[in-house]
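Scroll down for the structure; my scribbles are underneath it.
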Amino acid sequence: MMELNRRSFIKKMGLTAGLLSQPWLSANASFVQGADDGTRIGLIGAGARGKWLAKIASSLPALEVVACCDLLEANSETCQKEIGKRVAVYGDYRRMLEDKQVQAVIIATPLFLHFEMAKAALQAGKHVYCEKTMTHNGNESLALRQLVANSRLVFQVGYQHRFNPIYAEIKFLLEKEYCGRIERVECTWNRRGDWRRPLPDGLAFRGNADYPDLEHLVNWRMYQKYSGGLVAELCSHQMDILNWLLDDKPDLITGMGGIDYWKDGRDTFDNVHLLVHYSKGVKASFTSLTTNAWQGYSIKILGDRGSVEVMGENGHRAKIYAENIETEKAVDGVSGATKLAWDNQEGVPIRVKNPARDDVLPTEGALAHFALCIREGRKPFSNVETGHVSAVSVDMANEAIQKRSIIKWSDSYN
C-alpha cells in the first residue's frame, strides 16, 4: 500500500502518466496527420444518436460515411444535411449490407434490433460499431460474442466515456492507490423530464411488424419490447466505466424501480435504484430519476484513504479528496489556494492535458479508435468481451427489479 501524503499527493495532481498507457491514445494521434482512403461507413439508424455519430465520423479523415439506412426518409435526409453530402439511402438495412462499397457499419437503432443487425453485418463481412447497450439480453450477448470470436472482423461497442481522458487519469490514480482500498461507489444519472420525444408532423408511418405506430417507433425507450429502459440507456454507461476502473464485474445485483410519476402508457420504469456487489468486494449503487435532476450525472468512488468525485457537466470534471489520516502540514510547492481547498475539504481538481468540453472529444476518440482497429487489425478497447459484461449486468439489473430479488452472475455467462 502506498503511503498517502498530502504534500506529494497534491504535487502529483498534474501528472498525466495514466494517459500514456491507454490503448486508444495512439489511435487519436495517428489520425491527426490523416490517413489513406478512409474506411467506408454505412449508418443503420439515423435518429438523434445516429446522426451525431455520422456527423463526427464524417469529420475524421480515417472514416467516410457513404450510406444511411432508416425507416423514416426524413431522418435520412436530415443525416445527409448533417454530414454535408449525399449518400446512398436505404429503407432496409439488409439491402445496405449488400452494398459492396460499405466496409463497416454503425448500428444506432433501438436496443432490441442490435443483435439481429450485428449478426447480419458480421455475416456480410462488415466491421461493426454497435451503440450501447450491446444486446437486449444476456443470451443474445453470449451468441454475439461467439459470432465475433468466429470472425476476423472488428467489433466495437459505443461506450464513448471510455475515451474521455478524465477517466484514464482516474484509472491511473486508483491503480496507484491514491484512494487506498476502494470500498464503495455511488452513481447517479438524474434528469427532470418525461424522457418522451414529440411525434414529428407530416410523417406517413402506418406501422410495421415491429412498431404498431409512430409512437412506438419514436418513443421506443418507453417500452420493454424495444428497450432496457433507464438501466440500459443511462446506468449502463456508468456500469461499463466502473467495470473498467475496478477491473471487475458484478456477481450480485438487486434493485427497485417503478412507474410512479409519468402515467402515460410507458412500461419501462421512470426511476431505478440498484445495489451491486462486485466479485472483489466493492459495493456500488446506481440511481436514475426522471423527476429530479439534482446531482445529474455523478460518480463517487470512496476509498479508505481518499475519494474521487466525477461531475457530468462540461465534458465531465473530477476532484479528489483525501481522508484526514495524517497530520503533516508542510506544503512545499503547493499554492495557498490549493492548500486552502484541501484543508476545507473542497477537493483538488484532477487535471488532464486535453480535457473533454462536451461529447465531441470522447466520440471522436471512440470512432478514431474503431478506424485504427480496422486498419491495423487490433482488438478494440471497448470490445465484445467488455460489452458482454455490461450487457449482462444490465439484464441482471432489470431482472432484479422485475422480480424484486437478488440476481447472481451465472456461470453460463462466462
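The values are calculated or read from the model by the stated rules, or taken from the named source; none is laboratory data. Worth saying up front: this structure is predicted, and the values here are computed from it rather than measured. Ideal geometry is used to build each Cβ from the backbone, glycine not excepted, and the neighbour counts take in all protein chains shown.
From the list 263, 280, the lone residue that is more than 28 Å from residue 193 (Cα to Cα) and not in a strand (DSSP E or B) is 280.
Is the range 215-223 home to any residue that is of a type in the set (A, V, I, L, M, F, W, C), assigned by TED's automatic domain parsing to the domain that holds residue 397 and free of Cβ contacts under 8 Å to residues at least 60 places away in the same chain?
yes
Does residue 236 meet the test of being under 27 Å from residue 277 (Cβ atoms), polar (S, T, N, Q) and in a helix (DSSP H, G or I)? Judged against the criteria, residue 236 is a match.
Here residue 257 meets the list (1) of a type in the set (Gly, Ala, Ser); (2) touching a residue at least 40 places away in the same chain (Cβ under 8 Å); (3) out of contact with any strand residue (DSSP E or B) (no Cβ under 6 Å at 6 or more places or on another chain) almost entirely, failing just condition (3). Can you say whether residue 387 is of a type in the set (Gly, Ala, Ser), at pLDDT below 95 and within 20 Å of the chain's Cα centre (by Cα), as far as the supplied structure shows? Criteria not met by residue 387. One residue is enough: does the range 223-236 have a residue meeting the conditions of a type outside the set (Lys, Arg) and under 30 Å from residue 323 (Cα atoms)? Yes, the range 223-236 contains at least one residue that is of a type outside the set (Lys, Arg) and under 30 Å from residue 323 (Cα atoms). The listed residues are 330, 322, 284, and the only one of them that is surrounded by 14 or more Cβ atoms within 10 Å (Cβ to Cβ), aliphatic (A, V, I, L, M) and at pLDDT below 95 turns out to be 322. Looking across the range 200-223, the residues that are surrounded by fewer than 16 Cβ atoms within 10 Å (Cβ to Cβ) and over 22 Å from residue 78 (Cα atoms) come down to 208, 209, 210, 212. Of the residues that make up the range 110-130, is at least one in contact (Cβ under 8 Å) with a residue 12 or more places away in the chain, β-branched (Val, Ile, Thr) and closer than 30 Å to residue 222 by Cα? Yes, there is a match, as at least one residue in the range 110-130 is in contact (Cβ under 8 Å) with a residue 12 or more places away in the chain, β-branched (Val, Ile, Thr) and closer than 30 Å to residue 222 by Cα.
Does any residue of the range 110-132 turn out to be of a type in the set (Val, Ile, Thr) and part of a loop (DSSP other than H, G, I, E, B)? Within the range 110-132, none of the residues are of a type in the set (Val, Ile, Thr) and part of a loop (DSSP other than H, G, I, E, B).
Could you check the range 345-392 and list, in sequence order, the residues that are assigned to a loop (DSSP other than H, G, I, E, B) and closer than 19 Å to residue 111 by Cα?
Matches in the range 345-392: 382, 383.
Within the range 191-209, residues that are within 18 Å of residue 47 (Cα to Cα) and in the same structural domain as residue 263 (by TED's automatic domain parsing) have Cβ atoms under 7 Å from residues that are of a type in the set (Ser, Thr, Tyr) and in a loop (DSSP other than H, G, I, E, B) in these pairs: 195/290, counting only partners at least 6 apart in sequence or on another chain.
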